[in-house]
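Participant: Here's a structure for you.
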Amino acid sequence: MKDLDQVKQDFLATTTTRTQYRKTEIEPYSIQINSKLGYYTNLMNLLYLSAKALPAGFTYRALPCWISLFTRAFNEEYLL
């Protein structure tokens with residue numbers, strides 16, 4: 001696997017969350033679901049990366065879905 005400094009791309013894209021939930025699905029299990037929703041955000045922070053979430057359309061359940069663009073720390077200009 002290449003070190004991030006050896007990668008030639010300005011940024012990479014990932015999904016922002018693994019799944020989307022309706023408000024009624026979140027309320028009974030808010031702590032557990034919040035942990036799942038923060039999985040990718042925590043990963044970006046731990047790897048010291050800059051990221052920006054962008055809307056990417058809707059799922060088959062008519063829920064919004066997002067992608068995250070990420071790059072090396074302090075290279076936010078590639079995400080704008």
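The values are calculated or read from the model by the stated rules, or taken from the named source; none is laboratory data. Remember, it's a predicted structure, so these values are computed and weren't measured experimentally. Ideal geometry is used to build each Cβ from the backbone, glycine not excepted, and the neighbour counts take in all protein chains shown.
Participant: In region 1-16, which residues are of a type in the set (A, V, I, L, M) and either in a helix (DSSP H, G or I) or modelled with pLDDT under 75 (or both)? So that I can check it myself, show each step before the final result.
Facilitator: The first filter runs over region 1-16 and keeps only residues of a type in the set (A, V, I, L, M), leaving 1, 4, 7, 12-13.
Passing the criteria: Met1, Leu4, Val7.
Participant: Within region 55-80, work out how many residues are in contact with a strand residue (DSSP E or B) (Cβ under 7 Å, 6 or more places away or on another chain) and under 24 Å from Thr24 (Cα atoms).
Facilitator: Going through region 55-80 one residue at a time, the tally reaches 9.
Participant: Right, next: Please enumerate the residues belonging to region 17-75 that are in a helix (DSSP H, G or I), of a type outside the set (S, T, N, Q) and either surrounded by 10 or more Cβ atoms within 10 Å (Cβ to Cβ) or at positive phi (or both).
Facilitator: Scanning region 17-75 gives Glu25, Ile26, Glu27, Tyr29, Ile33, Lys36, Leu37, Tyr39, Tyr40, Leu43, Met44.
Participant: Tally the residues that are in contact with a Ser or Thr (Cβ under 6 Å, 6 or more places away or on another chain), aliphatic (A, V, I, L, M) and closer than 21 Å to Glu77 by Cβ, restricting the search to region 14-66.
Facilitator: Number satisfying all stated conditions: 2.
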